[in-house]
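Report on the following structure.
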């Protein structure tokens, strides 16, 4: 009976340590750290966020390893009991299975995403903050109705309400234009000139993008977000009418309207 009771206790310990290692070590290392690297590469977050993820995982790994090492050195008999316990192994295995099942479920993925967003908020760039607002995560987690604000994302409840008043159409314009700006930066790294460019390359009409940028500039006080929006306005100044751009290329002695054929203006682009 005492052996069964000991196994039950060790099962609980294994289960608890399994959940602890899943939430503090394996989920951040397997999900959070790679995603933070991707966000940093996309310009949505600073590299310090990825570094913090890595250091946090390393700290928990060292802490757990030190605990088992101390147990083995100071209480070797207890360590052998734990190490050879089927109850402890079963508890750890159950925790791993539950964690894996949770990660694959819609609710689990949503929880992982919410934890990631919360962890990365201090390291978000202006584009990263705009992305969180764009994906509709705000209304569920911000607590706007309760008068709270998005700590680390939007300074005040008033500004949060103002940002939530921005229509999805405007956010779609900002997101599409942000992707276009990223493409221009990529062309720069490839040695191709970013500016000027034909206006037909824009995902929406020039005036529509300008209206969206000015709308957000009137609703935010975040310095980095404001800087990103102002940079977007500056980029717009280099958009040239297609005919004018072709003439510009002729005068340069190398007719190349674009490194790839310019897409035909979409109806959305023409509508303004």
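Collect the residues in the stretch 1-34 that are more than 38 Å from the chain's Cα centre (by Cα) and either assigned to a helix (DSSP H, G or I) or in contact (Cβ under 8 Å) with a residue 40 or more places away in the chain (or both), keeping them in residue-number order. Listed by number, the residues that qualify are 2, 3, 4, 5, 6, 7, 8, 9, 10. Of all the residues in the stretch 186-210, those that are without any contact (Cβ under 8 Å) to a residue 40 or more places away in the chain and either within 21 Å of the chain's Cα centre (by Cα) or outside any helix (DSSP H, G or I) (or both) number 4. Within the stretch 53-71, the presence of at least one residue that is touching a helix residue (DSSP H, G or I) at 6+ places or on another chain (Cβ under 6 Å), modelled with pLDDT under 85, surrounded by 14 or more Cβ atoms within 10 Å (Cβ to Cβ) and assigned to a helix (DSSP H, G or I) is confirmed. Checking 169, 115 one by one, the residue that is at negative phi, in a helix (DSSP H, G or I), modelled with pLDDT of 80 or more and under 16 Å from the mean Cα position of the chain (by Cα) is 115 and no other. Among all residues of the stretch 90-98, there is none that is more than 30 Å from residue 6 (Cα to Cα) and not assigned by TED's automatic domain parsing to the domain that holds residue 179. Of the residues making up the stretch 211-233, those that are assigned to a helix (DSSP H, G or I) and surrounded by fewer than 19 Cβ atoms within 10 Å (Cβ to Cβ) number 11.
The values are calculated or read from the model by the stated rules, or taken from the named source; none is laboratory data. Predicted model only: the values in this text are computed from it and were never measured. We place every Cβ from the backbone using ideal geometry, glycine too, and count neighbours over all the protein chains shown.
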